[in-house]
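Right, one structure below, let's go through it.
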Amino acid sequence: MLPLQLDGVSIAFPNPPGPPRIILRATDLVLPAGAMVGLEGPSGAGKTSLLHALAGLEPVAAGSIRWGGENIAELDGAARAHWRRRHTGLVFQDFHLIEGLSVLDNVLLPVWFDMFRTPRALRDRAKALLVGMGLPMPLPPLAVLSRGERQRVALARAVLRQPPLLLADEPTASLDAEAAGRIGSLLVDMAANSGATLIVASHDPHLLARLPIRLRIAETRLERLA
Amino acid sequence: MNPFPLALAGLRHRRGTALALALLVALGVALGVGVGALERSLRQGAARAADAFPLIVGAPGSPTQLVLTAVYLQPDTVTLVPGGVLTRLAADAQAAWVSPIGFGDRWRDKPVVGVAPEFVTLGGRRALAEGRVFAAENEAVIGTAVPLAMGDQLIPAHGLAHAGADEDDADTHHHGDSPYTVVGRLPPSGTPWDHAILVPIERVWEIHGLGNGHAEGAERIGPPWEAAQGIPAVVVQPRDFPGAYALRARYRDAQSNAVFPAEVLVSLFRLMGDVQAVLSAMAMASAVLVLAAVFLAFSGLVAARSRDFAVLRALGAPWRFVLAAVWLELALVLLGGVAVGLGFGWLGGWMAADALGRHARVAVTVAPGWDEVLLALAVLVAGMLGALLPALVVWRRPPGEALKR
């Protein structure tokens, strides 16, 4: 639901003792609200770094990143965390669930950032999401879930509060073909239903094929594929 | 904001490590608490034992030995104070009452101690738990820990009670001719006197073939003693405060020495205080070492969870939430450890004090004291402040790195 506008964005990493490693050089890009974008490129080209920059996880070396008019590149760390909390849902290759928390609590985790008590409506929505994604009921302990099931829990966590942006980093790379297909469908359906802008960094041709806009990052350049 | 579920999840997920850490903290705290509680209770128990002994007069020599003999019934080879001193004391206008303390024999492991009737009631201050004061030479009043009943009879055996007596001399002693009859019982005092059998001093002198301390033919019990014999110590109750000092001054001469047990105990406690200072320093050092070890382990714990914390930040957690979650996890470990350590310390101190007290026949009670609570709180506060460090380190690390790894 948020349009994206990049102006002269450069991304670089300090790489001591050598000069900073440049990931992206002076890049402009405009994406409409609700766009569904696949981001591809060779390993190590900087897909994850770009995604982190778009999510405000890492600062950029130069340029502006505007999501619906708000330039997150000029926000400080705390303000970016606040912006992230309000606007983004993130999905990672390795799920990054919290061991020791129950399945439901993993989905509800972001709620605790702001609230002491979990509102009933959010708890119900979390359960509904898990049921809708086909997780067994009653919910088993986190430790016994398969990788595909874990990624579905992570996806439920990302979309719990209906963020206008969904960012996914290789969401299917550590899953078998069947689980990958299922996660891919869920991800695209979720974004389509809520109208969220979706950006997926991936190598998975099946997943990429379902995304209308394709970007490719290679050798510090970001290009739009036809 | 609600960081509790996350902190609890961390503890649950690594419960072995968390438990080991809490135990480590508990041990360090218990050591400090135990030493403090033990020292305090021993001092209180020892001081209470001296309550019945305002002034003690004995032969010139070590005041400490005199106190050990009269208060704690631990006669070493004691020099006797001449009977004349007792006669003079009994007639002294500044003494409310006096009583000799003379060691007779033993009945089982209970010492038979010759005293005056005034000592049994402390001049009327102490009511008996049972029965009455002895009124004849063959009657006895027993301490609360002596396993006899009113009316029971006992025959002491010539024993260890007066070291220095020559065993070959035994035939010169006339014990056992007639047994003692128990006529009274003292209330519990928590001192070695709970194990004593109190008999008239006259009988003790007679048994040793020294007459009964009175003029020929007299069969009285108690002062005055016209023909008093040597005894290890005399307890004196002064009439008033100035009298106490006057008496102490008057009976410090070539024949006798007079001491306030409380004064002697103070100097003993000063020595004990030095020992305690060393023990406390060691306990503190161990607590510091334990805390240092715990911090190393905390850093490890935090490093092991750095990915979790990076995930929190990626999901947009505010810094205070991450800080609170990390800190809370460590603080809960500390809190558990300190609480258990406080309990362990008191329990350990109590057990040690009980064992030591039983050995010395002094009742020692370890009551929880504020000193130990303050020590535990100090460890807790230091630990909780220290726990902020790993929490801050977590915040300073960029989240992206941990996520890519």
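The values are calculated or read from the model by the stated rules, or taken from the named source; none is laboratory data. Values in this document were obtained by computation on a predicted structure and should not be read as measured data. For neighbour counting, all protein chains shown are included, and Cβ atoms are generated from backbone atoms with ideal geometry for every residue, glycine included. We work out accessible area using only protein heavy atoms, side chains counted, and drop any ligands, DNA or RNA first. Shrake-Rupley method; radii C 1.70, N 1.55, O 1.52, S 1.80 Å.
Per residue of B:232-244, how many C-beta atoms from partner chains lie within 10 Å of its own C-beta, taken as a mean?
0
When the charge dipole of the stretch A:4-225 is built from unit charges on Cβ atoms (+1 for Lys and Arg, -1 for Asp and Glu) and taken about the Cα centre, the candidate among A:Ser194, A:Ser10, A:Leu215 whose Cα reaches farthest toward its positive end is A:Ser194. Think of the protein assembly as shown as a dipole: +1 on every Lys or Arg Cβ, -1 on every Asp or Glu Cβ, centred on the Cα centre; then among B:Ala258, B:Gly143, B:Met284, B:Met284 lies furthest on the positive end. Computed over the alpha carbons of the protein assembly as shown, Rg followed by Dmax gives 42.7, 137 Å. Under the rule of -39500 (n - 2.57) per DSSP H run of 4 or more residues, summed and divided by the residues of the protein assembly as shown, what mean residue ellipticity at 222 nm is obtained, to the nearest 500 deg cm²/dmol? That comes out to -15000 deg cm²/dmol.
The calculated pair-distance distribution of chain B uses every alpha carbon pair, bins of 10 angstrom beginning at 0, and gives 5, 19, 21, 15, 11, 9, 9, 7, 4, 1, 0 percent.
For B:Asp371, the shell of other residues with beta-carbons less than 12 Å away shows a net charge of -1, using +1 for Lys and Arg and -1 for Asp and Glu.
About its Cα centre, the dipole of the protein assembly as shown is roughly 4240 debye, where the only charges are +1 on Lys and Arg Cβ and -1 on Asp and Glu Cβ. Shape of the stretch B:47-166 from the C-alpha gyration tensor: oblate (a/c of 1.5 or more and a/b not above b/c, with a ≥ b ≥ c the square roots of its eigenvalues).
Surface listing: B:Trp346, B:Trp97 arranged by accessible area from highest to lowest gives B:Trp346, B:Trp97, probe 1.4 Å. Summing Cβ point charges (Lys, Arg +1; Asp, Glu -1) relative to the Cα centre of chain B gives a dipole of roughly 3440 debye.
Counted by Cβ distance under 12 Å from B:Glu263, the other residues give a net charge of +2, where Lys and Arg count +1 and Asp and Glu count -1. The dipole here belongs to chain A: it is taken about the Cα centre, uses +1 on the Cβ of Lys and Arg and -1 on the Cβ of Asp and Glu, and is about 460 debye. Quick one: Cα centre-to-centre distance for the stretch A:46-115 and the stretch A:138-163, in angstrom? Value for the Cα centre distance between the two parts: 18 Å. Largest first and in whole Å, the equivalent-ellipsoid semi-axes of chain A read 29, 20, 17, each the square root of five times a Cα gyration tensor eigenvalue.
Burial here means at least 50 square angstrom less accessible surface with every protein chain in place than with the chain by itself, probed at 1.4 Å; in the stretch A:91-111 the buried residues are A:His96, A:Ile98, A:Glu99, A:Gly100. Give the carbon-plus-sulfur fraction of the accessible surface of the stretch A:4-225 in %, rounded to a whole number; probe 1.4 Å, heavy atoms of protein chains only. Exposed carbon and sulfur together represent 53 percent of the surface.
Evaluate E = 1/(1 + (r/R0)^6) for A:Gln162 and B:Ser299, where r is the Cβ-Cβ distance and R0 equals 41 Å; express this FRET efficiency to the nearest 0.05. Between A:Gln162 and B:Ser299 the formula returns 0.60.
Note that the stretch B:227-236 has calculated 3J(HN,Hα) couplings of 10, 4, 9, x, 9, x, 7, 10, 8, 10 Hz, one per residue in order, obtained from phi through the Karplus relation 6.51 cos²θ - 1.76 cosθ + 1.60 (θ = phi - 60°); glycine and proline are x. When both the stretch B:230-249 and the stretch B:33-101 are represented by their alpha-carbon centers, they are found 11 Å apart. Counting only protein chain heavy atoms and rolling a 1.4 Å probe, the accessible areas of B:Leu19, B:Leu42, A:Leu165, B:Leu31 rank, largest first, as B:Leu19, B:Leu31, B:Leu42, A:Leu165. In this structure, B:Glu219 and B:Ala129 have a Cβ-Cβ separation that, at R0 = 25 Å, corresponds to a calculated FRET efficiency of about 0.35.
Please report the antiparallel percentage of the DSSP beta bridges confined to the protein assembly as shown, to the nearest 5.
65
The stretch B:317-374 and the stretch B:257-288 have their alpha-carbon centroids 23 Å apart.
Remark on the stretch B:55-259: ratio of C-alpha radius of gyration to 2.2 N^0.38 Å is 0.96. Note on the stretch B:233-364: Cα convex hull, mean projected area over all directions, 14.2 nm². Going 7 Å from the Cα of A:Glu70 toward and past its Cβ, which residues in the stretch A:31-49 have a backbone nitrogen under 17 Å from where you end up? Inside the label zone: A:33-34. If you take the beta carbon distance between A:Gln5 and A:Asp176 as r and set R0 to 41 Å, what does 1/(1 + (r/R0)^6) give as a FRET efficiency, to the nearest 0.05? The calculated FRET efficiency here is 0.60. Excluding ligands, DNA and RNA, the accessible surface per residue across the stretch A:116-159 is 49 Å² with a 1.4 Å probe. Label zone (B:Ile155, point 7 Å along Cα-to-C-beta; backbone nitrogen cut-off 15 Å) within the stretch B:78-117: B:106-108.
Between the listed residues A:Pro136, A:Gly63, B:His359, the Cα displaced farthest toward the positive end of the dipole of the protein assembly as shown, a dipole computed from Cβ unit charges relative to the Cα centre, is found at A:Gly63. Amide H contacts for B:Glu130 (H built 1.01 Å from N in the peptide plane; partners 5 or more residues away or on another chain; cut-off under 5 Å): B:Arg185.
Rounded to the nearest 100, the interface formed by chains A and B buries 2300 square angstrom of accessible surface, both chains summed, with a 1.4 Å probe. Annotation: extensible slack from A:Asn193 through A:Asn15 equals 59.9 nm (criterion: 0.36 nm per residue apart, minus Cα-Cα distance). Counting only other chain Cβ atoms within 10 Å of each residue's Cβ, the peptide A:67-79 averages 1.
Expressed as a whole percent, the accessible area of chain B that falls on carbon and sulfur atoms is 64 (1.4 Å probe). Peptide B:301-311 is shielded by partner chain Cβ atoms: per residue, an average of 2 of them sit within 10 Å of its Cβ. Residues of the stretch B:262-286 with an amide N closer than 17 Å to a point placed 7 Å from the Cα of B:Leu389 along the Cα-to-Cβ direction: B:285-286. What helices does chain B have that are whole DSSP H segments, at least 30 Å long along their own axis by Cα, and with mean Kyte-Doolittle hydropathy of 1.6 or more? Qualifying helices: B:261-304, B:370-396.
With every protein chain present, what is the per residue accessible area of chain B (1.4 Å probe, Å²)?
Using a 1.4 Å probe on heavy atoms only, each residue of chain B averages 44 Å².
Largest accessible area first, the residues B:Met351, B:Met272 order themselves as B:Met351, B:Met272 under a 1.4 Å probe with ligands, DNA and RNA left out. For the stretch A:4-225, DSSP calls about 55 percent of its internal beta bridges antiparallel.
Report the local net charge at A:Leu222: Lys and Arg +1, Asp and Glu -1, summed over other residues whose C-beta lies under 15 Å from its C-beta. Net of charged neighbours comes to +1.
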